[in-house]
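Scroll down for the structure; my scribbles are underneath it.
The values are calculated or read from the model by the stated rules, or taken from the named source; none is laboratory data. Just so it is clear, the model here is predicted, and its values are computed rather than measured. Here the Cβ is made from the backbone with ideal geometry for all residues, glycine too, and neighbour counts use every protein chain on show.
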Amino acid sequence: MLALLRDDERYAVELVQELAGKDGLVTSEGTLYPLLSRLRREGVVETTWRESPGGPPRRYYALTLAGRSVLDVFTAEWARFRDTVDGIIAP
Amino acid sequence: MSTTRSPLIDRYLTELRGALREMPRRHRDELVAEIEAHIEQTVPDSASDAEVLTALDRMGDPEQIAAAERERLGIEPATAGWLEWLAIPLLLVGGIVIPLVGWIVGVVFLWLSRCWTTRDKLLATLLVPGGLALPFVLSVSTVGGVEACSTGTRTNQSGHQVTVTHCTGGTSTAVQIGWMVVLAFLIIAPIYTAVRLGRRLPPSGRSRRAFWLPGRASLPLLLAGAALGGAAVWYYQSTRAPGHTARV
């Protein structure tokens, strides 16, 4: 979720659909909304309401500074984890 | 909000709201609004039922969303336990068994429980404060007030002392009918809220849904019933006790 926000802010529907569209990650779009709320409460994302063309205002999500560092830490750890697992299952 | 959207969406949102009933209202409203906005933006008004159902499937089972939200908030799934099964009879007849205190304990249990929404709790507390104790006390206290009698002696023409009872008051038929209606409401309303609270408990076991069948609930309900019966007998006795003078 945070990685999707790395380069640009996005609104919820966009985020949720993209993540749910990825194979094998989530089965239910709805369960991503509680996740978004948690990220907001933890202060790793911030939201702004913006007018949308021809519709109600949308809430846009963007990474905070804290969010960016959480993402960097995770990216590094994930690479290490992936390399380790790769080393075991495909030597 | 569109007025032409599919009733399937409304039904889904109602289900979701129900699954989230134990969440704090603010969180519940926010999550439902977000999911509603998502559906509004992704499902056009012209979508066929099949398209709507597909979109709702993708959104996921309301129970599953509720589970994710519970996890986020660190809430254990609420199940009905002794607290709920004591709260219901206490609210209903607690005020008769232990005047005032019994009902107040019931209210405390009611508000401690996570199984009911704030609306359920407000209704159960405020519709008839005191539960069945209120109509009970009212009917006891007004029995003597219907007629006021005074008894005295006086001497009649032939020089004998006679006892005369003079009765005044008594209420008109209209007032009496009105009173009956109020009393009927005061009796039916607490029973209605008690049944409602019972029905709105989350399904805790597989078959314990029918809470009047033998199970964890039967003991408090039986005790409450016995107490109610006892109180009725006591009331009946007390109205015929000395102090009620017969007319001469």
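Sub-7 Å Cβ pairs linking a first residue in region B:55-68 that is under 21 Å from B:P7 (Cβ atoms) to a second residue that is among the aromatic types (F, W, Y), at least 6 apart or interchain, are B:L56/B:Y12, ordered by first then second residue.
Taken as a whole, the condition of being away from every other protein chain (no Cβ under 14 Å) and either buried (at least 19 other Cβ atoms within 10 Å of the Cβ) or in contact with a strand residue (DSSP E or B) (Cβ under 9 Å, 6 or more places away or on another chain) (or both) does not apply to B:R25.
Residues checked against (1) in contact with a Phe, Trp or Tyr (Cβ under 6 Å, 6 or more places away or on another chain); (2) within 30 Å of B:L138 (Cβ to Cβ); (3) at pLDDT 85 or above:
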residue: B:Q41; (1), (2), (3): no, no, no
residue: B:E71; (1), (2), (3): no, no, no
residue: B:L90; (1), (2), (3): no, yes, yes
residue: B:I96; (1), (2), (3): yes, yes, no
residue: B:W103; (1), (2), (3): no, yes, yes
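The set of residues in region A:36-53 being more than 7 Å from chain B (Cβ to nearest Cβ) and assigned to a helix (DSSP H, G or I) consists of A:L36, A:L39, A:R40, A:R41. Scanning region A:61-82 for any residue that is within 14 Å of chain B (Cβ to nearest Cβ), part of a helix (DSSP H, G or I), surrounded by 12 or more Cβ atoms within 10 Å (Cβ to Cβ) and not basic (K, R) turns up nothing. Look at (1) polar (S, T, N, Q); (2) in contact (Cβ under 8 Å) with a residue 24 or more places away in the chain; (3) facing chain A (nearest Cβ under 10 Å) and you find that B:Q41 fails only one, number (2).
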